[in-house]
Amino acid sequence: MNGTKVRWAVVGSGGIGKRTVGDLRLCDNAEVVAIGSRSRASADAFAQEHQLPLAFDDHAQLCASPDIDAVYIGTPHATHFALASQALRAGKHVLCEKPLTMTADEARELGRIAAAHHVFLMEAMWMKFSPAMQKAVELVAQGAIGEPRFLQAGLGYPVPPDGPKRFWDAALGGGALYDMGVYTITLAQMFLGELAEISVTGCMRPDGVDLEEAITLRYAGGALAQLATSITCLVPPRGWLGGSRGAIDFQQPLFSPGGLTVTTGRPPAPPEVQELKFAREGAGYVPMFRAVNVAILAGATEHPLHPVSATAAVLDIMQRIQAALARERDAIAA
């Protein structure tokens with residue numbers, strides 16, 4: 001680092017990598033200098049298309065480069081732990097696509113590695129950094145809707161059988177939950193406190209790929225969340241949070257809302273409705289990237305908006321959901 005900018009390498013030359021390069025370049029405190037891919041041809045083509053000076057088809061060589069400060073990992077889910085741990089041990093800061101890892105224990109292990117090597121680590125949960133979500137957090141903290149009591153959220157779409165392998169290959173962490181359900185569970189975590197109970201029903205294939213699920217989460221204070229996700233049907237990407245004095249409606253898409261509808265008041269009095277709109281920077285990653293660069297330049301190893309402990313807690317919930325779906329599948333098959 002030169003003191004004012006973080007030099008980034010993007011690992012993964014697919015669509016996520018392209019969006020990452022574009023949004024990082026909208027940040028004054030970032031510079032994209034490298035691409036890493038499994039294929040030499042893909043790495044070279046990506047570097048040429050995006051005018052990057054460095055291209056690697058060997059992750060160890062990328063991690064050893066003195067010209068790289070931080071790594072953005074945008075590869076399939078099941079590869080994250082190995083790629084991130086290697087980068088962290090090499091002294092590189094790591095921002096990794098969701099889910100950070102496949103298990104809560106793996107996430108905690110990455111956190112220990114990052115702390116031991118004094119480098120930054122975060123799951124790229126860009127939803128938390130979006131202006132709309134930040135405003136929602138502010139409104140709830142101010143008591144605008146009273147005590148949060150009920151949340152509904154959904155996210156899903158029919159993925160064709162010949163669509164991205166990450167959805168359909170169990171070895172890559174395929175399924176609806178890890179790719180899309182992670183957003184809805186994280187949203188509930190943001191507003192409803194300590195989890196007390198999980199119930200779920202859905203459909204899981206024999207190989208462990210979950211096709212869809214309906215999830216109910218009960219929290220220690222009595223609050224409830226109802227969540228739905230699918231890779232076989234369209235589940236509108238939105239949600240709402242109900243409180244004792246009002247509600248917040250998160251407009252589409254849930255992971256980067258373009259606005260909020262805030263409704264307050266108690267019947268029979270007519271409600272007060274406030275429409276809030278938020279401009280999107282780039283593909284929507286920019287606020288997260290900007291905040292992460294600030295944290296890295298300040299010497300932080302985590303970001304307070306999304307520490308590794310929060311990531312691990314969501315992963316623990318997802319593992320419990322997967323286990324429940326497997327039990328349901330096996331009981332039906334018996």
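Hey, what's the range 182-254 come to in accessible area per residue, 1.4 Å probe, Å²?
39 Å²
Quick one: Karplus J couplings for the range 315-325, per residue in order, coefficients 6.51, -1.76, 1.60, θ = phi - 60°, nearest Hz, x for Gly and Pro?
So the Karplus estimates, Gly and Pro as x, are 4, 4, 5, 5, 5, 5, 5, 4, 4, 5, 5 Hz.
Whole-Hz ³J(HN,Hα) for each residue in the range 173-178, computed from phi via Karplus 6.51 cos²θ - 1.76 cosθ + 1.60 with θ = phi - 60°, x for glycine and proline: what do you get?
Each residue's phi maps through the Karplus curve to give x, x, x, 6, 4, 6 Hz.
Roughly how far apart, in whole Å, are the Cα centres of the range 156-205 and the range 206-268?
14 Å
Which residue, chosen from GLN61, THR79, ALA45, occupies the Cα position most advanced towards the positive end of the dipole of the range 38-88, where the dipole is computed from +1 (Lys, Arg) and -1 (Asp, Glu) charges on Cβ about the Cα centre?
THR79
Using only the heavy atoms of the protein chains and a 1.4 Å probe, how would ASP44, ASP28 rank by accessible area, largest first?
Sorted descending by solvent-accessible area, the residues read ASP28, ASP44.
Express in whole angstrom the spacing between the alpha-carbon centres of the range 88-126 and the range 41-73.
After rounding, the separation between the Cα centres reads 19 Å.
Would you mind working out the magnitude of the charge dipole of the chain relative to its Cα centre, with +1 at each Lys and Arg C-beta and -1 at each Asp and Glu C-beta, to the nearest 20 Debye?
380 debye
For Cα pairs less than 8 Å apart in space and 6+ apart in sequence, what is the mean separation divided by the residue count of the chain, i.e. the relative contact order in percent?
Result for the chain is 19 percent.
Taking the Cα centre of the range 157-208 as origin and charging only Cβ (+1 Lys, Arg; -1 Asp, Glu), how large is the dipole, in debye to the nearest 20?
The calculation lands at about 120 debye.
Dipole size in debye (nearest 20) for the range 11-132 around its Cα centre, Lys and Arg Cβ +1, Asp and Glu Cβ -1? All intermediate terms of the calculation are to be shown ahead of the outcome.
Numbers: 11 positive and 14 negative charges, 45 e Å.
Computed charge dipole of the range 11-132: roughly 220 debye.
For the chain, what % of the accessible area comes from carbon and sulfur atoms, probe 1.4 Å? Before the final figure, lay out each step's value.
Numbers: 7610 of 14070 Å².
Solvent-exposed carbon and sulfur of the chain make up 54 percent of the total.
Please report how many Lys pairs in the range 77-229 have alpha carbons closer than 25 angstrom, counting only residues at least 8 apart along the chain or sitting on separate chains.
Values: LYS92/LYS128; LYS98/LYS128; LYS98/LYS135; LYS98/LYS165.
Qualifying lysine pairs in the range 77-229: 4.
Go from 0 up to the bin containing the longest alpha carbon distance in the range 99-166, width 10 Å each, and give me the % of pairs per bin.
14, 26, 31, 25, 4
The values are calculated or read from the model by the stated rules, or taken from the named source; none is laboratory data. Owing to the predicted nature of the structure, the values given are computational and were not obtained by experimental measurement. Neighbour counts run over all protein chains shown; Cβ positions are idealised from the backbone, glycine included. Surface accessibility is based on the protein's heavy atoms, side chains included, excluding ligands, DNA and RNA. Shrake-Rupley method; radii C 1.70, N 1.55, O 1.52, S 1.80 Å.
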